[in-house]
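**Student:** First, the structure itself, so that you have it in front of you.
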Amino acid sequence: MEQSLNLYNFLNTLCEVSQDDFERSKTYFKQKTLKKGEVWVDFGEICNEMAYINSGLLQSSYINDRGNIITTCFCASNSMASSFKSFISQSQSDIELKAIEDTELFITDYEKLQKLYQEAPVWERIGRILVEKEFISLWDYANSLNSDQAKERYLRLLENQPEVITKAPVQDIASYLGITRETLSRIRKKLIQ
């Protein structure tokens, strides 16, 4: 399974995973395909899955107090995704995760991950590292919204996730950047000149 090789390589960027530990772990994962526009995790449901994104692009969003859908994250291939707060606490999700394009996931569920923590101690380290990375990512995003100019946020997105610029709807990119569509259009126009 190619995605399992991709997952193995990804995990080894986090910490060293022996081939034996990985082979035992593979049975705890299954392949799932989402069509463009399909919701994987819906608002208000308990997120029971965590996934490695083998290919594709997911969008994470929430509904603000005015009823607007606000994009908070784009999850690209070769990364992990979940409604982490919901997954860890087994509580209702306050975010939605949906596919921006056809997306292939390699998923495990909450109970299987708990068993993996028991059976292969390396997974406790993987879990800790993933949570730390998620915290840093959320901190950087919040800090950027509060301190960077709109153009700087757009350029950072262009540098770090160029696929988002070409695949995500303009209104979702603008929402993620904390700006209007018109502001995003002006930024793009100035960069082209």
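**Student:** Straight-line reach from residue 190: which lysines fall under 29 Å, measuring Cα to Cα and dropping same-chain residues less than 8 apart?
**Tutor:** Those lysines meeting the cut-off are 151, 167.
**Student:** Quick one: compute the contact order of the chain, relative version, from alpha carbon pairs under 8 angstrom and 6+ residues apart, as a percent.
**Tutor:** Numbers: 294 pairs, mean separation 45.2, N = 193.
Relative contact order for the chain comes out at 23 percent.
**Student:** What is segment 2-75's relative contact order, in percent, from Cα pairs under 8 angstrom and six or more apart in sequence?
**Tutor:** That works out to 21 percent.
**Student:** Tell me, what is the Rg over Rh of segment 73-128, with Rh the Kirkwood radius over Cα pairs? Before the final figure, lay out each step's value.
**Tutor:** Numbers: Rg = 12.7 Å, Rh = 12.9 Å.
Dividing the radius of gyration by the Kirkwood radius yields 0.98.
**Student:** Oh, and also: Please list the non-local residues whose amide H lies under 5 Å from the amide H of residue 57, H modeled 1.01 Å from N, same-chain partners needing a gap of 5 or more.
**Tutor:** 100, 101
**Student:** Which one, 40, 139, 123, has the greatest fluctuation when you compute a Gaussian network model over the chain with C-alpha springs under 10 angstrom?
**Tutor:** 139
**Student:** Something else now. Just to confirm a number: summing +1 for Lys and Arg and -1 for Asp and Glu over residues other than residue 122 whose beta-carbon lies under 12 angstrom from that of residue 122, what do you get? Could the numbers behind the result be given before it?
**Tutor:** Numbers: positive: 24, 125, 128; negative: 16, 20, 21, 119, 124.
Every neighbour counted, the sum reads -2.
**Student:** Report the local net charge at residue 189: Lys and Arg +1, Asp and Glu -1, summed over other residues whose C-beta lies under 14 Å from its C-beta. It would help to have the intermediate numbers written out before the result.
**Tutor:** Values: positive: 151, 181, 186, 188, 190; negative: 182.
Net charge in that neighbourhood comes out at +4.
**Student:** Still on this structure, I have one more. Give or take rounding to whole Å, what are the principal axis extents of the alpha carbon atoms in segment 1-145, in descending order?
**Tutor:** 50, 30, 27
**Student:** Over segment 148-193, with a single point scatterer placed on each C-alpha, what log10 of the ratio I(q)/I(0) does the Debye formula yield at q = 0.16, 0.18 1/Å?
**Tutor:** -0.35, -0.45
**Student:** Separate question: Explain nothing, just compute: Karplus ³J(HN,Hα) = 6.51 cos²θ - 1.76 cosθ + 1.60, θ = phi - 60°, for every residue of segment 169-185 in order, whole Hz, x for Gly and Pro.
**Tutor:** My calculation for segment 169-185 gives x, 4, 5, 6, 5, 4, 4, 4, 7, x, 9, 7, 4, 5, 5, 4, 4 Hz in order.
**Student:** Here's a follow-up. Please list log₁₀ I(q)/I(0) at q = 0.30 Å⁻¹ for segment 1-47, using the Debye equation with identical point scatterers on the alpha-carbon positions.
**Tutor:** For segment 1-47 at q = 0.30 Å⁻¹, log10 I(q)/I(0) is -1.10.
**Student:** Would you mind finding the longest exposed-site-free stretch of the chain, with exposed trypsin sites (Lys or Arg not before Pro) meaning DSSP loop and at most 11 other Cβ atoms within 10 Å?
**Tutor:** With a cap of 11 other Cβ atoms within 10 Å, the longest stretch comes to 67-193.
**Student:** Applying the Karplus parametrisation 6.51 cos²θ - 1.76 cosθ + 1.60 with θ = phi - 60° to the phi angles of segment 132-144, what ³J(HN,Hα) value in whole Hz is obtained for each residue in order, glycine and proline being reported as x?
**Tutor:** 4, 5, 5, 4, 4, 4, 5, 5, 4, 5, 4, 5, 5
**Student:** Top mean-square fluctuation among 13, 180, 103, Gaussian network model of the chain, C-alpha springs under 10 Å?
**Tutor:** 13
**Student:** Please tell me which of these pairs span more than 19 angstrom C-alpha to C-alpha: 26/98; 30/112; 85/133; 35/112? Intermediate results must be reported in sequence, preceding the final value.
**Tutor:** Details: 26/98 25 Å; 30/112 11 Å; 85/133 14 Å; 35/112 25 Å.
In this structure, 26/98; 35/112 exceed 19 Å between Cα atoms.
All of the numbers you see were taken from the coordinates with simple rules; none came from a lab. Just so it is clear, the model here is predicted, and its values are computed rather than measured. Using ideal geometry, Cβ is built from the backbone for each residue, glycine included, and neighbour counts are taken over all protein chains shown.
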